[in-house]
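Note sheet for the following structure.
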Amino acid sequence: MSDAGAVALAVAVWLAAAATLPGSPWLGALVVAIGLLARRPVVLVGGAALLAGALATAAWGGLIGGPAERVVARAVLLGDPVAVGHATRVDVRIDDRRVEAWARGGAADQLADRLAGEVVELRGRLRPVPDEARARLAVRHIATRMSIETVGGWRSGSVATRAANEVRRVLERGMSSLDEERGALLRGFLVGDDRDVPPTVEADFRASGLTHLLAVSGSNVAFVLAAAGPLLRRLQLRGRLIGSLGVIAFFALVTRAEPSVLRASAMAAIACWAAFAGRPVSRIRVLALAVAGLVLVDPLLVHSIGFRLSVGASLGLSLLAGPLAARVPGPRWLAEPLAVTLAAQVGVAPVLVSTFGGIPLVTVPTNLLAVPVAGPLTAWGLVAGLVAGVVGDPIASVLHAPSSAMVGWIAGVARVGADVPLGMVDGRAVLVCGVALAVLWRVRRVAVGVAIALLLVVTQPMAVAARDVELARGAHLWRADAAVLVLDGDTDVGRVIDALRRRGVRRLDLVVARRGTRTVAGVVFDLRSRLAVGSVLAPAGHRVRDARAVSAPATVRVGRLRVQLTPDGDALDVDIGETADRGGGPR
């Protein structure tokens, strides 16, 4: 099959799965077989589309939550438990159902140290997923939730999962000398485990366009294969293929087979097979075949944001990195990394613009500064991390000194980049970028200047259209000539910081904590670490540091905004309106 045929196959399979075309999977499989035997690419593409549509229909049809019931079951953990507020969440398999399980209190503590692949005895209540969460959870093949009441005994899973978990534990032991934040980031760089990354740091990486560094990519897989190369080269050709596929599969287990891992692993496996067969194939054909195969195995992947971003970045690199590197003016040490960054951003632009509203303009410089360090960090971190986990301190501290320095550099780039008010590349700017790239294709010398000028014109911090905007659950922003944030209980501070940065808010003139709990105090502390915060008001008896207590009805003027506060037990009732004249600030 040619490159064009492979791309047609991937596109047909993707569109059919996304559209959920009804049909018979047996008919699709029969047409695929005929196309393969007859060597007719057109027939193969049509059959694959029929098969993908039928499999997608069946996948959606199988997502039916059963009636609410109490169960005592042995559950296989499909992922690592994740702390969400005061609860712990983990996907599990009970019989033939995938279930999103939630634990609180003592049950959460018992579940927190378990790892994917292990089998745990759970007692709790099953119920269908609520309507508002159905589409989001369906991508993970989940139609049922479980409220865990008690956690019983547990046992290790298969030999492969036990080995994968032991590798992760060895890496964890080696990182014990690092501080909490850098250790969490290093786990993200090495194995894609970003569960313990502080939400403020995650917000920095998102705002600076560096989130992809916390996900496993093709470079991670390539390094693992290179590290195993000395052993693999000792094998015969067939054994080398089997060994390479085994290394890829094992690394996918270690990194939990997230969508980006699946894409990278599938591409690596196809490339290994092509090398074994003596038929080198282009990167675009490898990508197309990997996408087609993965979507046929799991049609719901087309709805995964992570999978879309991974495919988009790979597509941009495959099509544009080389041509852009040849046309971008300047020294090669700058032109080549710049071409790679631009190509990847063009690839992910449709997903980011349609899903998140735009791309941070600071993405290009931050990637130029961070990505060259991320490669050596992965190589050194995996090798030194395994050795450090075996030998322990004090040698582990010495081995991870370079890791700590490189992690610190990347985190610093993310933090500084997140604070640079360059705005977002929205839909208009993406069109401008496309024009600039087209010009660059023909007229190398003037295109860079034209692109920069146009982007500065059309790219501004996103303004708030309404005065009252819900940034996240429990967080509302009021804006006129000043900015007032109202917090109501627990909220996702990372999402709040993201939303404020997207709207160009770098200072909050007033923060009102409707409740003075320890959780709200933590949110205010995190906000102060990333934004300039003026006055903070909270109810009497609050736990919010440096906040003024409101014990009687009061009116506060912030610019043109009038904030009326009324104590109501341990909370504050807040009413905000706009006045015609400008006030003198909180009083």
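One compactness figure for the stretch 505-587 is 1.06, namely its Cα radius of gyration divided by 2.2 N^0.38 Å.
Relative contact order, whole percent, for the stretch 468-587 stands at 20, derived from Cα pairs under 8 Å and 6 or more residues apart.
When peptides 207-218, 530-541, 407-418 are sorted by average Cβ neighbour count within 10 Å, with the highest value leading, the order is 207-218, 407-418, 530-541.
Find how much the distance from TRP333 to ASP419 grows on full extension, using 0.36 nm per residue of separation minus their present alpha carbon separation; answer in nm with one decimal.
28.3 nm
Roughly how many Å is it from the Cα centre of the stretch 323-343 to that of the stretch 4-50, as a whole number? After rounding, the separation between the Cα centres reads 37 Å. Per-peptide packing, taken as the mean over residues of other Cβ atoms within 10 Å, places 221-232, 285-296 in the sequence 285-296, 221-232 from highest down.
Which net charge results for the neighbourhood of GLY474, defined as the other residues with beta-carbon distances under 13 angstrom from its beta-carbon, given Lys and Arg at +1 and Asp and Glu at -1? That works out to 0.
Expressed to the nearest 5 percent, the antiparallel share of DSSP beta bridges inside the chain is 75 percent.
The label-point distance for GLN564 and LEU30, in a model that sets each label 7 Å from Cα toward Cβ, rounds to 7.3 nm.
In the chain, the convex hull through the Cα atoms has an average projected area of 31.1 nm², a quarter of its surface area. Compared with the dominant Cα axis of the chain, that is its longest principal axis, helix 3-19 is turned about 50°. Could you please state how large a percent of the accessible area of the chain is carbon and sulfur, counting protein chains only and using a 1.4 Å probe? Using a 1.4 Å probe with all protein chains present, the chain comes out at 61 percent carbon and sulfur.
Using 0.36 nm per residue of separation minus the Cα-Cα distance, give me the extension gain between ALA19 and VAL84 in nm, one decimal. The partial results should precede the final answer.
Values: separation 65, 0.36 × 65 = 23.40 nm, distance 3.30 nm.
Computed gain between ALA19 and VAL84 is 20.1 nm.
Just the number please: accessible area per residue for the stretch 1-101, 1.4 Å probe, all protein chains included, in Å².
On the way: 5390 Å² over 101 residues.
Per residue, the stretch 1-101 has an accessible area of 53 Å².
Residue separation of ARG518 and ARG125 scaled by 0.36 nm, minus their Cα-Cα distance, works out to 138.5 nm of gained length.
Of all beta bridges that DSSP places with both ends in the stretch 465-587, some 65 percent have antiparallel geometry.
The values are calculated or read from the model by the stated rules, or taken from the named source; none is laboratory data. Values in this document were obtained by computation on a predicted structure and should not be read as measured data. All Cβ positions, even for glycine, are placed from backbone atoms using ideal geometry, and neighbour counts span all protein chains on display. Quick note on the areas: whole protein, heavy atoms, side chains included, nothing else; ligands and nucleic acids left out. Shrake-Rupley method; radii C 1.70, N 1.55, O 1.52, S 1.80 Å.
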